[in-house]
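The values are calculated or read from the model by the stated rules, or taken from the named source; none is laboratory data. On a predicted model such as this, the values are computed, not experimentally measured, just so you know. Neighbour counts are summed over all protein chains in view; Cβ atoms, including those assigned to glycine, are modelled from backbone coordinates with ideal geometry.
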There are 2 protein chains.
Amino acid sequence: MAPENAQLLSVGIDFGGTNLRIAAYTPETEILSSIATPTRLKAGPMAVVDDMCNAVKQLLEMHGEGREFVGVGVGSPGPLELPAGRLHAPPNLPGWDGFNLLEEVTKQLHVPILIEGDANVAALAEFVLGTGRSKGVDSLCMLTLGTGVGSGLILDGKLWHGATGMGGEAGHITIDPDGPLCGCGNHGCLEALASATALTNYAEKLIADGKADGLQRLESEQGSLSAFDIAQAAQQGDEGALAVYAKTGRALGIGIANLINILNLPLYVIGGGVVNSWDLLAPHIFAEIESRSYVYALTAPGRAAASGVSCGGTLVLPAELGSDAGLLGACILPLHGLKSRRASA
Amino acid sequence: MAPENAQLLSVGIDFGGTNLRIAAYTPETEILSSIATPTRLKAGPMAVVDDMCNAVKQLLEMHGEGREFVGVGVGSPGPLELPAGRLHAPPNLPGWDGFNLLEEVTKQLHVPILIEGDANVAALAEFVLGTGRSKGVDSLCMLTLGTGVGSGLILDGKLWHGATGMGGEAGHITIDPDGPLCGCGNHGCLEALASATALTNYAEKLIADGKADGLQRLESEQGSLSAFDIAQAAQQGDEGALAVYAKTGRALGIGIANLINILNLPLYVIGGGVVNSWDLLAPHIFAEIESRSYVYALTAPGRAAASGVSCGGTLVLPAELGSDAGLLGACILPLHGLKSRRASA
C-alpha cells in the first residue's frame, strides 16, 4: 500500500497505427520510463491488447512501489465511440471495426482505464502542459497535422466528446466542396488539403503539371520527396515549394477561421511535424483568418483593446509540445480526471 | 411584495433592426401580453433604449402584481460582446458601434437584465420549448435562416458564449472559399449562400443568366420576387426555382456536416421562414451530410444501431417554434438562468 502523500503515478498508452508507446508518469518527474514497440496490426487486435497490457504491468512493477497508482490513459485512433470505448471502422486499423478496446484492456488489467481519441489526448497535453498552460486559457482547439489532421477541443477545462465521443473532428470540415477526395469519403476536407500527406500530394501534382521544376529536380536526385524536403526547398525560396506551403496555409486559415466563428475560443494550437515550418505557413493562415472571421478581426491580439473588446485576444499558435504530446496526454488523462474530481469534492 | 409560491414573471425584449417586441411571460401561460413598435433607429440608441424601458415598465404595471418578477431578457443583434453587453459595429444598427446596451437598460430599469445575441435566444427557446424539449437532448445547434443566417449553440444545457460572447456564429463559416461576398467581409459564408437574401439573389442571378424563364415571367408579372414566391414556383416544379432550393440546401448541408464533424451534437435545428420549404431543402441537405460527415454516417437515425453506436441518432430537423422564437427566448432567458441556479443550489 502506498503511504499517505505518496507520489501519484499513471501509465499512458499512445496507440498508433505504426507504433505503440507506453510510459510511466508522475506529475513531479513527468515520464519516468517508456516502452516503444511496433504495433502488431497483422497479428490482430488481441495481440496488440496483450502488448499494451504487458507493458503496463512491466512499468507498474518497475515504478509502482511506494507510489499511488491512479490508472491508465489510452490515446487511440478513431472513430472511437465514448463512453463505450469501441472503435468504428477506423481507417488505419483494418480488422478493428466494432472492437471494444476499453473493455478488452480493462479485462486484463483490472485497474481504472480512461480512453480518448489520439487527437484529444494531444489537445489535453497541450492544454495542461503546453500553450494552454503558458497562456492561462480555459478552452482551446488543437489541430495536429500528420498523416491526417486530428483535432481535439477543450471547452471550459474539459475535453468535448459530443454525443458519441466523436466531437472535435475538425480535420473533416469541408474547405473546398470540390476538392480532393479524403480518406473519410468527403471531398476537400481540411485533412485532404493540409495534412503532411496532402502537402506532398500537392507537390507531386505541381511536378506532374510541370509547375515545380525545383521540386522535380530534388525528387529525381533523391528518389522521393517528403514534407521536410519541401519545407527546406521553400526556405531556400523554391517557387513550387512556396506554392505548396501557401496552399496548405490557406486551407488551414479557412479551417481556423471557421472554428473561430463557431466557437470563439481564446486559443487555437497547431501541432505535428508541419509546425517546424510555422514561418512558411503563418502568413497564409493569418491572411485567411483576417479576411474570413469578423470575430477574429474584433479580437485579434492588439486589436481587442482598440475595438473595445475586453479579452486577452484570440490566439493562433504553434504547439509547444513536440511529438510526445500524444504520449504525455495519455499519461495525464487519469491525473487530469482525478484533479477535477478532487477540485470539486 | 409577491406572496410565497407566486407565479414567476419575466419580460422579454426581441430587439430587431426593424421591429421591437416586448412581452410579459409566465411559464404557466407563456406570453401574457406583448407590445410591438418599429425600432426608431434614426432617433439613435438612447431613443430605442427609452422605448424598451417604457414598454417593460408598462408590462410590469399590467402584470407585476401578485407575481414574482425575475428579470428582463434581451435578444439583441450582434456582434454582441459578453458578459459586457456591448455592441461592436453591428451591420444592421448603424451608429451603435461600442454602445453598451446592457448598461444603458440597467441604468433605467434597476432590475436584473440578461442579454444575449438574437440567434442565441432563439436557440434557447427551441431548446426549452421546441425540438430540444420534444427530443429530450442536452445540446443543440440552431441555424436561423432570415435576412442573414444566425446561429446559437447549447452545449450541455448552457448557451455557449465563447471567450467574448461571439461564439456560435456558424452563419459565417466558409462554404465556398471563392463564393459571393458576405456582409461580414468574407466570401462564400453560409449566410451568403443560404439566407433568404442569398436565395433571392441567386434567383436573380439565374434570371440574369437566362437560366430561369419561369421565375423571370413571375418577376415581370409581380414586379418582384420573394423567397416565398420562389418556394411556390419550386413546389409547382419550376426548374429555375428548384435549382435555387438545391443550391441553398447543398450549402446548408455542407455547413451542417461541418458542425456535426466538429461538435457531434445530438440535434441540429433549422429555423426561419425558409423552413416552410423544408421538403424542398431536405433532400439536398441530407445528401451533403451523408457524403461529407462520417460521424453522421455512423450515427444517422436508424444507422446508429446497425453500426453499433449507442445513441439516439444525430437529428437534423426543422424548428418547431415559428417567428416568435426570438421573443420567447428573450422571455425565458431570466427564467432559464433561475432554473439552473435553483437546480444546483
- [ ] Consider A:Ile270 carefully, then state whether it is touching a Phe, Trp or Tyr at 6+ places or on another chain (Cβ under 9 Å), under 28 Å from A:Asn201 (Cβ atoms) and crowded, with 21+ Cβ neighbours inside 10 Å.
- [x] yes
- [ ] Considering only region A:146-195, state which residues are in contact with a helix residue (DSSP H, G or I) (Cβ under 7 Å, 6 or more places away or on another chain), more than 22 Å from A:Glu116 (Cβ to Cβ), assigned to a loop (DSSP other than H, G, I, E, B) and not β-branched (Val, Ile, Thr).
- [x] A:Asp176, A:Pro177, A:Gly179, A:Pro180, A:Cys182, A:Gly185, A:Asn186
Open item on the list: Checking the condition within 14 Å of chain A (Cβ to nearest Cβ) and among the charged types (D, E, K, R), which residue from B:Glu191, B:Glu219 passes?
Closed with: B:Glu191
Task: Exclusive hit being farther than 16 Å from B:Gly171 by Cβ and in contact (Cβ under 8 Å) with a residue 24 or more places away in the chain, set B:Ala257, B:Ala208, B:Ala251, B:Ala282 - done: B:Ala282
- [ ] Search region B:211-235 for residues that are assigned by TED's automatic domain parsing to the domain that holds B:Ala246 and pair each with any residue that is charged (D, E, K, R) and not in a helix (DSSP H, G or I) when their beta-carbon atoms are under 6 Å apart and the residues are at least 6 apart or on different chains.
- [x] B:Gly214/B:Asp238
Open item on the list: Please go through (1) within 19 Å of A:Ile285 (Cβ to Cβ); (2) more than 9 Å from chain B (Cβ to nearest Cβ); (3) surrounded by 24 or more Cβ atoms within 10 Å (Cβ to Cβ) for A:Ile115 and return the number of the only condition it doesn't satisfy.
Closed with: (1)
Open item on the list: Condition (residue is farther than 23 Å from A:Ala297 by Cα, in contact (Cβ under 8 Å) with a residue 24 or more places away in the chain and within 11 Å of another protein chain (Cβ to nearest Cβ)) applied to region B:141-149: is it met by at least one residue?
Closed with: yes
Open item on the list: Pull out all pairs, ordered by first then second residue, where Cβ-Cβ is under 8 Å, the residues are six or more apart or on different chains, the first lies in region B:41-57 and is more than 13 Å from B:Val74 (Cα to Cα), and the second is of a type in the set (Gly, Ala, Ser).
Closed with: B:Leu41/B:Gly17; B:Leu41/B:Gly95; B:Gly44/B:Gly95; B:Pro45/B:Gly95
Open item on the list: I'd like to know if region B:80-93 contains one or more residues that are among the acidic types (Asp, Glu) and either closer than 26 Å to B:Thr147 by Cα or surrounded by 18 or more Cβ atoms within 10 Å (Cβ to Cβ) (or both).
Closed with: yes
- [ ] Consider A:Ile289 carefully, then state whether it is under 30 Å from B:Gly117 (Cα atoms), touching a residue at least 40 places away in the same chain (Cβ under 8 Å) and not polar (S, T, N, Q).
- [x] no
Open item on the list: For region B:202-241, give me the residue count where each residue is closer than 22 Å to B:Glu288 by Cβ, under 28 Å from the mean Cα position of the chain (by Cα) and surrounded by fewer than 18 Cβ atoms within 10 Å (Cβ to Cβ).
Closed with: 2
- [ ] Give the residues of region B:58-83 that are in contact (Cβ under 8 Å) with a residue 60 or more places away in the chain and of a type in the set (S, T, N, Q), sorted by residue number.
- [x] B:Ser76
Open item on the list: Would you confirm, using the coordinates I've provided, whether B:Val49 is surrounded by 13 or more Cβ atoms within 10 Å (Cβ to Cβ), touching a helix residue (DSSP H, G or I) at 6+ places or on another chain (Cβ under 6 Å), part of a helix (DSSP H, G or I) and not polar (S, T, N, Q)?
Closed with: yes
Open item on the list: Within region A:159-181, take every residue that is among the hydrophobic types (A, V, I, L, M, F, W, C) and more than 9 Å from chain B (Cβ to nearest Cβ) and give me the one that is farthest from the chain's Cα centre (by Cα).
Closed with: A:Leu181
TODO: Would you check which residues across region B:151-179 are free of Cβ contacts under 8 Å to residues at least 60 places away in the same chain and of a type outside the set (A, V, I, L, M, F, W, C) and list them?
DONE: B:Ser151, B:Gly152, B:Asp156, B:Gly162, B:Gly167, B:Gly168, B:Gly171, B:His172, B:Thr174, B:Pro177, B:Asp178, B:Gly179
Task: Residue among B:Val11, B:Val74, B:Val56 that alone is at pLDDT 95 or above, of a type in the set (A, V, I, L, M, F, W, C), in contact with a helix residue (DSSP H, G or I) (Cβ under 8 Å, 6 or more places away or on another chain) and not in a strand (DSSP E or B) - done: B:Val56
Task: Within region A:61-80, tally of residues that are over 20 Å from A:Cys331 (Cα atoms) and among the charged types (D, E, K, R) - done: 0
Open item on the list: Just to be sure before I move on: is B:Gly132 outside the structural domain of B:Val48 (by TED's automatic domain parsing), modelled with pLDDT under 95 and within 17 Å of the chain's Cα centre (by Cα) in the structure I sent?
Closed with: no
TODO: Give region A:273-295 a look and list any residue that's buried (at least 24 other Cβ atoms within 10 Å of the Cβ), modelled with pLDDT of 95 or more and over 19 Å from A:Ala198 (Cβ atoms), or say none.
DONE: A:Ile289, A:Arg292, A:Ser293
